Amino acid sequence: MSNEVSKFSVQELDLYYSNFQALKKINMEIQEKEITAFIGPSGCGKSTFLKTINRMNDLVEGVKVDGKIYLDGVDIYKDIDVIKLRSRVGMVFQQPNPFPMSIYDNVAYGPRIHGIKKKSVLDEIVEKSLRQAAIWDEVKDKLKKSARAVSGGQQQRICIARTLAVEPEVILMDEPTSALDPISTLKIEDLAVELKEQYTIIIVTHNMQQASRISDKTAFFLTGEVIEYGKTEQIFNTPKNKKTEDYITGRFG
């Protein structure tokens with residue numbers, strides 16, 4: 001028996017947008033405190049699946065989900081309140097999307113919603129979260145300035161700090177570096193590797209080097225299906241499926 005703990009267990013998951021089936025029979029165990037990467041060509045279901053994990057797809061009209069997703073053994077569609085779920089499973093988007101307010105207020109936003117009002121406590125959370133997101137030293141003297149007044153890479157790390165401030169267990173990242181320059185990209189990658197000591201991280205990426213550099217497991221998606229899922233090293237070095245090999249070696253996609 002392996003001693004790995006499944007954070008998520010996904011069973012026979014299908015997702016439809018009206019009549020279009022976007023995800024087909026997804027079965028996957030996602031381990032705790034690892035980085036799991038989803039790779040595959042555009043429109044193959046990676047981001048759709050990511051959004052299903054914290055029920056962001058609930059907001060889309062005409063979406064129907066069949067199958068089960070368990071978080072720590074609890075059915076996220078039946079037995080967890082969606083607001084509670086999203087505080088446990090945070091999301092970082094492709095485009096940095098800081099709120100139009102100060103850096104401090106961006107990070108304090110979630111804790112305030114959860115009822116934390118005391119300034120000394122908020123100060124502590126803001127500093128801790130910005131430190132965890134490896135950006136405290138760059139912004140500690142600009143906390144009252146707009147979060148939109150800093151560079152794209154810094155904005156994305158502020159968004160990561162905002163996610164961390166509510167103490168999630170899981171961080172979903174939907175192509176978090178695709179809008180960033182190479183230096184900012186490396187900072188976010190290094191950050192993800194550091195954060196996995198405390199968090200379970202799932203990242204959708206178009207960047208295969210990124211997946212091979214930072215993830216423990218990789219899932220290759222094609223037309224809504226998981227073609228292959230396993231240890232990153234195995235997927236990249238000795239893929240079992242011809243389609244995986246063709247995608248990784250750049251024959252298509």
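Every read-out reported here was derived from the displayed coordinates using simple, explicitly stated rules and does not represent laboratory data. Everything numeric in this text was worked out from a predicted model, so none of it was measured. Note that each Cβ is placed from the backbone with ideal geometry, even for glycine, and that neighbours are counted across all protein chains shown.
Could you list, in sequence order, the residues of the stretch 111-140 that are under 26 Å from Ser184 (Cβ atoms) and among the hydroxyl-bearing types (Ser, Thr, Tyr)?
Ser129
Which of the residues belonging to the stretch 72-92 are hydrophobic (A, V, I, L, M, F, W, C), in contact (Cβ under 8 Å) with a residue 24 or more places away in the chain, in a strand (DSSP E or B) and out of contact with any Cys (no Cβ under 7 Å at 6 or more places or on another chain)?
Across the stretch 72-92, the qualifying residues are Val89, Met91.
If I ask for residues that are basic (Lys, Arg), in contact with a strand residue (DSSP E or B) (Cβ under 7 Å, 6 or more places away or on another chain) and buried (at least 16 other Cβ atoms within 10 Å of the Cβ), which ones from the stretch 66-110 would you list?
The answer is Arg88, and nothing else.
Restricting attention to helices (runs of 4 or more DSSP H) lying wholly within the stretch 138-253, give those where 1 or more residues are closer than 20 Å to Asn27 by Cβ.
Of the helices (runs of 4 or more DSSP H) lying wholly inside the stretch 138-253, those with at least 1 residues that are closer than 20 Å to Asn27 by Cβ span 232-237, 242-248.
Taking the condition of being assigned to a loop (DSSP other than H, G, I, E, B) and within 10 Å of Val166 (Cα to Cα), how many residues in the stretch 111-127 meet it?
Of the residues in the stretch 111-127, 1 are assigned to a loop (DSSP other than H, G, I, E, B) and within 10 Å of Val166 (Cα to Cα).
Of all residues in the stretch 198-218, which are of a type in the set (Gly, Ala, Ser) and buried (at least 24 other Cβ atoms within 10 Å of the Cβ)?
Ala211, Ser215 - these are the residues of the stretch 198-218 that are of a type in the set (Gly, Ala, Ser) and buried (at least 24 other Cβ atoms within 10 Å of the Cβ).
Go through (1) over 16 Å from the mean Cα position of the chain (by Cα); (2) farther than 23 Å from Asn207 by Cβ and name the single condition Leu85 misses.
Leu85 satisfies every listed condition except (1).
Exactly one condition in (1) touching a residue at least 24 places away in the same chain (Cβ under 8 Å); (2) surrounded by fewer than 20 Cβ atoms within 10 Å (Cβ to Cβ) is false for Glu127; which is it?
(1)
Exactly one condition in (1) without any contact (Cβ under 8 Å) to a residue 60 or more places away in the chain; (2) of a type in the set (A, V, I, L, M); (3) not in a helix (DSSP H, G or I) is false for Ala108; which is it?
(3)
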